[in-house]
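Every number here is computed from the coordinates shown, using simple stated rules; none is lab data. From a predicted model like this one, the values you see are computed outputs, not experimental measurements. In this analysis, Cβ positions are derived from the backbone assuming ideal geometry, glycine residues included, and neighbour counts consider all displayed protein chains.
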Amino acid sequence: MNVPLKEAVATSKVLVVGSGGIGCEVLKNLALSGFKDIEIIDLDTIDVSNLNRQFLFRKEHVGKPKAVVARESILSYNPDINIKAYHDSITSQDYGLNFFKRFNIVLNALDNRAARNHVNRMCLAADVPLIESGTSGYSGQVELIKKGVTQCYECQPKPPQKTFPGCTIRNTPSEPVHCIVWAKHLFNQLFGEDDPDQDVSPDTEDPEAKIEGQEHTETESGNIKRASTRQWTQEIKYDPAQLFNKFFKNDIEYLLKMENLWKTRKPPVPLTWEQAASHEGDTAEEENNVKSQDMKVWSLSKCTKIFADTVGVLKEELAGKTFLVWDKDDKPAMDFVTACANIRAHIFTISTKSRFEIKSIAGNIIPAIATANAMIAGLVVLHAFRVLLQDYQKCPSIYLRQKSIHSKFVLAADKQIEQANPKCYVCSPQPFVNVFVNTQTMTVKEFETELLKKSLNMVAPDAILDGKGMVVISSEEGETEVNNDKKLNEIGIVDGSILKCDDFLQNYELTVAINHYEPQEKDDPLYKVVANPDELKAKESINGEKNGSEEKKEEESDEDDLMIVNELEDPQEGSSKRRKLNPPEDKDAEDDDLCVVES
Amino acid sequence: MSENQLSAVETELYDRQIRLWGIESQEKLRAANVLLINIRALGSEIAKNILLSGINSLTILDDGIVTEEEQEKNFLLSKDSKGKKIAEEVLLKAQALNPLVKIKADTDSPASKDPSYFKEFTIIVATCIKTDLLLKIDKVCRANNVKFIFGDVFGTFAYSVSDFQDHEYHEDQVQLAGKKRTHEGAEKTTVKVQGVVNYPELKKVLILPNTKQNADCIKKSKRRNELFFIMLSLIEFRNKKSRNPSLESKENDIKTLQDIKKDIFQLYQVDETKSKLDADIFEIVFGEAIPVCAVLGGVIAQEVIKAVSGKEVPINNVFLFDPITYDGKEETVGV
């Protein structure tokens, strides 16, 4: 280290957001490199499955706040550092602009897009350089974000998260994941919070199932029963045999009557409780080691037995409560989903999976390893050195890729920093965005929650209807609650309206142009957000980006190291051509049949 | 339950990595006995990562004494470690990283060890040692099917060199079943693909060529990543001086390095005037940048995991970390 760098390091104040996989490594690197003034914030507590990589934590720390334990561990290596720990969410109103302005640099080590977007906006507003990082399995990346110099975290639309059309889940599953999503919905129908979007019975509205010129009639098995599933379940006292026959026999028989669905597909085979329990081909194996419980695919009769057992256990758990919340780490809840997903997969001739595999999908677990985190955290601090010397041009993004036989790159740095997108709805001088909503059916509250908060990532938005100067949404309690249940058009938000939205915490103002829009096809999103008006025509015609679907996958992973890995361009030396380093993992990114949600 | 089967405690602890590399890889890691030679700033990074991965045992061989400077750079040491034997001082914090791994400290000099000592391990990882010892260990490793990897950090420059001999590996490739894309999208299948990487012995990588005998080797090296020659220069410096370049003798050391580099360029018939390297490249090779130790420690530990598990394509055979751009590239040398 040269003298100017040594001084900069010793006198800088650093904020580390997140003390998980990357956070632990970053903290250690900072402490060993001579940083003296560090603050760390994380709202999470320590879990056993963190210990294979979050090396500042040990078994006796399980259940304790990550930020607090990380601080103690670092002080045990080096007691001469000033570290402050916050066990809290960075999106809390306590951490406003003045909080961020105190730092020379902010290092993100986060696990979800919402928090990343928020810190991005705070750092832009406070004009503090931010180093963004993430890993996923063997891959990872590091990126500098500096107002007026580089692009911001939200300049490029992020790859949308995968979701599934409702009718695929309810009527025509073709992959294990469809059965797993269905099984989680079944859990919520029987034990969880009521959510009409998570119906598990046959969907008679499926346009594919309709016969020309014939209006469908609502029947017992179809949509009409939706509201009473829970009630019926309670009436039959959660009798496993009756439940089984309803979901795996009667509903399937009903599906078979929707003949159009099975013209090009293999029809499902209804399964009765008696058949399943005594299914042939099952050997009575009573192994109890981890491998047989977790790694092996359960037999149909075992699934049936576990279905019955877990229904009993969950029923007891539910007693005295309003509802249960599904959790991948709750054994009966996970066992129930494994059993139901596999029974349904059996009925639809879809391959069945082990509990271990189903947990990955149902819990949306992104695998994380120590080595990738160590490499990325090392690069984060190398970039931090250059940032403190204001050598921003020397901080292009760096990508860690899984080594392949076709590529010599393990770490690939871009040739230069990425310029900001002039039409970015976050960092451009006058942020502007088009939204497409059904102004006749969407309520003001839905607009606030789904659009302003979930899609546009505001934390505490205010919105004024332009021209009339009327406050339609307020972050002040009690000011606009009267509007909540009104439809947008009832308070004058119609096609062509302009809303001036403002998030005081993020110091962020956004002009929102309202476009009235009604979904046409069954897979069409409920609403859309389009940042760049030029994209509008192209997007519309190719049926591209969609927002707000019926079926949503978990929006956040449970991991602290999550990133969405973009397709990487390989800056091959000595070649003018840029080619892909590794083929992107198949995530069906090009499959435009899928409904997608921006988190 | 057989000895190699994982317990419930282990599957819970290693859950996230098992989801990435599979249960068989984890079982192979669990059976691996690793020797780590020298546990300094880079060595402690490597130790951390491989202890976390869940190997059977780690032997730490280091005859050094903790200096003040060493203590500040090494997170496995504490303030009162100064003046004591480094291999023993790291034990407490190393063990805390993973109580399931058996850890031993050996304070003998690595050079004093009988060749048979090196036979007993699954893989040997070395840092900060000279070429003669590297070649001695490599010879034992090749005769006994022990994998070998070494690496060093010089300032912000870093490298590793592997000799996994004839290494069989497999990887999972996700393929779409059939070409037909249905309404719901095609079902994906995972295919296990196998391969072999043949590593040259280390002397083919490290011993400077003799122009008459090694015409081939020199021809091949014409389009070499020039950082490879910087690596050879630094190793040669250490061989000659029995130390790393030091800030206390910075000017002299840079001059020595320039001379060595010039000789190496000549041997490999590289036209120095066409070199893309900065003329003052050796300015940045002093000390060990901590974040670079973290990067290389991650790379080497990942290669150890690949070597032991036989899963994923390993680096063949030199890894070079660019001290300016931070690119990290594979360079195949000596084949």
#### Entry: A:Met470, A:Met458, A:Met295, A:Met258 arranged by Cβ crowding within 10 Å, fewest neighbours leading
A:Met470, A:Met295, A:Met258, A:Met458
### Task
Using DSSP to define loop residues, name the GluC sites (Glu not before Pro) in segment A:476-536 whose beta-carbon has at most 14 other beta-carbon atoms within 10 Å.
A:Glu476, A:Glu477, A:Glu479, A:Glu521
### Task
Indicate, rounded to the nearest 5 percent, the antiparallel portion of the DSSP beta bridges found entirely in chain B.
55
### Task
List B:Trp21, A:Trp326 from most exposed to least, where exposure is judged by having the fewest other Cβ atoms within 10 Å.
A:Trp326, B:Trp21
### Query
When you look at the Cβ of every residue in A:75-82, what mean number of other chain Cβ atoms sits within 10 Å?
3
## Note on the structure
Whole-Å distance linking the alpha carbon centroid of segment A:443-507 with that of segment A:311-348 is 38
### Task
Could you calculate the FRET efficiency of B:Ala8 with A:Asp194 from 1/(1 + (r/R0)^6), where r is the beta carbon distance between them and R0 is 35 Å, rounded to 0.05?
0.50
### Query
Label point 7 Å out from A:Lys453 along Cα-to-Cβ: which residues of segment A:471-514 have amide N under 14 Å?
A:473-478, A:481, A:484-485
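Arrange the following residues from fewest to most other Cβ atoms within 10 Å of their Cβ: A:Lys263, B:Lys136, A:Lys66.
On the way: A:Lys263 8, B:Lys136 17, A:Lys66 28.
Placing the least packed residue first, the sequence is A:Lys263, B:Lys136, A:Lys66.
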### Cβ-derived FRET efficiency at R0 60 Å, A:Leu256 paired with A:Lys13, nearest 0.05
0.35
### Summary
Contour minus Cα-Cα span, A:Lys331 to A:Glu60, at 0.36 nm per residue, comes to 95.3 nm
### Task
Give a quick list of GluC sites (Glu not before Pro) in segment A:11-93 that DSSP marks as loop, anything other than H, G, I, E or B, with at most 15 other Cβ atoms within 10 Å.
none
### Summary
Each label sits 7 Å from Cα toward the beta-carbon; between B:Ser242 and A:Arg102 the label points are separated, in nm, by 5.3
### Summary
Here FRET efficiency (C-beta to C-beta, B:Thr325 to A:Lys266, R₀ 56 Å, nearest 0.05) is 0.55
#### Entry: Nitroxide proxy distance, nm - points 7 Å out along Cα→Cβ at A:Gln93 and B:Leu91
5.6
## Note on the structure
Flagged as over-length at 23 Å C-alpha distance, from A:Lys162/A:Lys263; A:Lys28/A:Lys64; B:Lys79/B:Lys113; A:Lys184/A:Lys331, the pairs are A:Lys162/A:Lys263; B:Lys79/B:Lys113
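Loop-only check: which trypsin sites (Lys or Arg not before Pro) in segment B:251-335 are DSSP coil with at most 11 other Cβ within 10 angstrom? Spell out each step's value before the answer.
Values: sites: B:Lys255, B:Lys261, B:Lys262, B:Lys274, B:Lys276, B:Lys306, B:Lys311, B:Lys329; in loops: B:Lys276.
Here the sparse-neighbourhood loop sites are B:Lys276.
When the chain is fully extended, how far beyond the present Cα-Cα distance does B:Val335 get from B:Ser275, taking 0.36 nm per residue of separation?
The B:Val335-B:Ser275 span can extend by a further 19.2 nm.
What pairs in B:Lys85/B:Lys329; A:Lys249/A:Lys305; A:Lys415/B:Lys329; A:Lys66/A:Lys415; A:Lys305/A:Lys353 have C-alpha atoms more than 26 Å from each other? Working shown, then result.
Details: B:Lys85/B:Lys329 35 Å; A:Lys249/A:Lys305 17 Å; A:Lys415/B:Lys329 15 Å; A:Lys66/A:Lys415 36 Å; A:Lys305/A:Lys353 17 Å.
Pairs exceeding the cut-off: B:Lys85/B:Lys329; A:Lys66/A:Lys415.
Can you say what percent of the DSSP beta bridges in the protein assembly as shown, counting only those with both residues inside, are antiparallel? Round to 5. Could you put the intermediate results ahead of the total?
Details: 66 of 109 bridges.
Here the share of antiparallel DSSP bridges comes out near 60 percent.
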### Task
Please list the non-local residues whose amide H lies under 5 Å from the amide H of A:Leu110, H modeled 1.01 Å from N, same-chain partners needing a gap of 5 or more.
A:Ser133
### Query
How big is the gap, in Å, between the Cα center of segment B:146-165 and the Cα center of segment B:270-335?
8
### Spin-label pair A:Glu477/B:Lys250, simplified geometry with 7 Å Cα→Cβ offset, distance in nm
6.0
### Message
How shielded is B:5-17 by partner chains, expressed as the average number of their Cβ atoms within 10 Å of its Cβ atoms?
### Response
6
